[in-house]
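The block underneath contains the structure these notes are about, expressed in structure tokens.
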Amino acid sequence: MKTKSTTKIAMMVCALFMGTCIFFSCSDQGTKEQLEKIEFEKQELQKQFDSIMFNHEKVKSENNLYAEQFAEKDSVISAQAARIKSLLAELSARQQDGTATPAPAPTTKTSKLREQIKELQTTCDNYMRELETLKAENEALKAENEQMRAAMEETKEANEKLVSENQSLEQKIENAKRLVTTDVTATPMRKKCGGKGFKETKQSKKLETVKIEARILQNDVVDPGTKTVYARITGPNNRVLCNGTAEEFSFDIDGSPLQYTAKQDIEFDGSARKVVINWSRNDNVKVVKGNYRVTLYADGQEIGKTSFKLTK
């Protein structure tokens with residue numbers, strides 16, 4: 001009887017031991033599955049976080065021009081990223097000691113981590129929208145400035161054209177105020193036999209006078225009054241034929257003195273008229289053979305020219 005009782009107790013103890021083993025085995029299996037689930041979620045959250053930060057850093061590097069304007073917003077993103085990194089590190093540390101950690105703790109951390117990653121994504125999205133808005137405003141301002149620059153350039157060109165046209169008109173008016181001659185002739189002459197009158201000569205040694213004639217055209221723009229017409233005769237050696245010194249026989253042209261040969265005062269009233277200038281050579285003036293140029297001046301400007309040739 002005693003043996004049967006002992007056997008029954010042993011069987012009960014064995015059953016209790018097996019049940020305990022089965023309980024702890026099932027409990028360990030549930031904990032393992034939960035830790036694997038948490039690890040999977042952590043990896044997914046890590047990927048989301050890495051993707052968000054990669055895109056943010058890319059946007060920053062492509063828009064360095066706006067770094068200073070978005071420095072404060074960027075610091076907010078950096079602070080959020082730091083908190084998320086801290087949670088990821090803490091979650092990893094708890095998982096490594098998972099057998100000693102109550103199951104709810106990692107689950108709470110993943111929920112908090114998910115919320116903060118969502119907040120980070122929202123912050124980065126707002127950052128991107130504000131950046132795109134600013135870029136669009138800058139592009140619009142740039143286009144407006146370009147239009148203004150083009151308009152200013154067009155105005156400048158128009159003003160320059162107007163100035164050029166005015167200068168051209170002023171030059172035309174100035175040119176119109178200048179006396180103009182036609183039919184300019186210069187005739188070298190000597191006295192006729194018997195001393196009565198002069199006739200043309202081609203010999204330099206017989207030259208006694210040069211008769212210069214020209215017709216001044218009508219000009220109603222030129223101020224009427226007394227006009228002095230200067231004749232300048234230069235020989236083949238570029239020396240000016242003159243009966244005196246350069247100081248005695250000179251006039252002003254473009255602010256500089258110019259030696260002349262002879263001059264004649266005329267009264268000009270705007271009508272066409274003839275002018276005659278006679279130059280008589282002094283005995284001390286040497287004349288050689290060659291070509292001679294005759295240039296007429298009035299009011300400080302050249303008004304006509306001609307030439308003649310002398311032989312020996």
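Bear in mind that the values in this text are calculations on the coordinates, not laboratory data. Note that the coordinates shown come from a computational prediction; the quantities given were computed from them, not determined experimentally. Cβ atoms come from the backbone with ideal geometry, glycine included; neighbour counts cover every protein chain shown.
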Protection proxy ranking, peptides 70-79, 161-170, average beta carbon neighbours within 10 Å, highest first: 70-79, 161-170
For the stretch 181-310, with +1 on Lys and Arg beta carbons and -1 on Asp and Glu, the positive-most of 262, 225, 204 along the dipole: 204
Distance (nanometres) between label positions extended 7 Å along Cα→Cβ at residue 278 and residue 253: 2.5 nm
Gyration tensor verdict on the stretch 168-239 (Cα atoms; rounded if a/c is under 1.5, prolate if a/b is larger than b/c, oblate otherwise): prolate
J(HN,Hα) series, the stretch 46-61, from Karplus relation 6.51 cos²θ - 1.76 cosθ + 1.60, nearest Hz, glycine and proline x: 4, 5, 4, 4, 4, 5, 4, 5, 4, 5, 5, 5, 5, 4, 4, 5
Potential lengthening between residue 135 and residue 307 on full extension [0.36 nm per residue; Cα-Cα distance subtracted]: 54.3 nm
The stretch 220-262 residues near the modelled residue 289 label - backbone nitrogen below 19 Å, point 7 Å along Cα→Cβ: 235-239
Note, ³J(HN,Hα) from phi for the stretch 283-297, Karplus 6.51, -1.76, 1.60, rounded to Hz, x at Gly and Pro: 5, 7, 8, 8, 10, 10, 6, x, 8, 10, 9, 10, 10, 9, 9
Whole-number percent relative contact order across the stretch 181-310, with pairs defined as alpha carbons under 8 Å at least 6 apart: 31 percent
Over 24 Å between alpha carbons, listed pairs 263/309; 191/211; 42/118; 263/312; 227/289: 263/312; 227/289
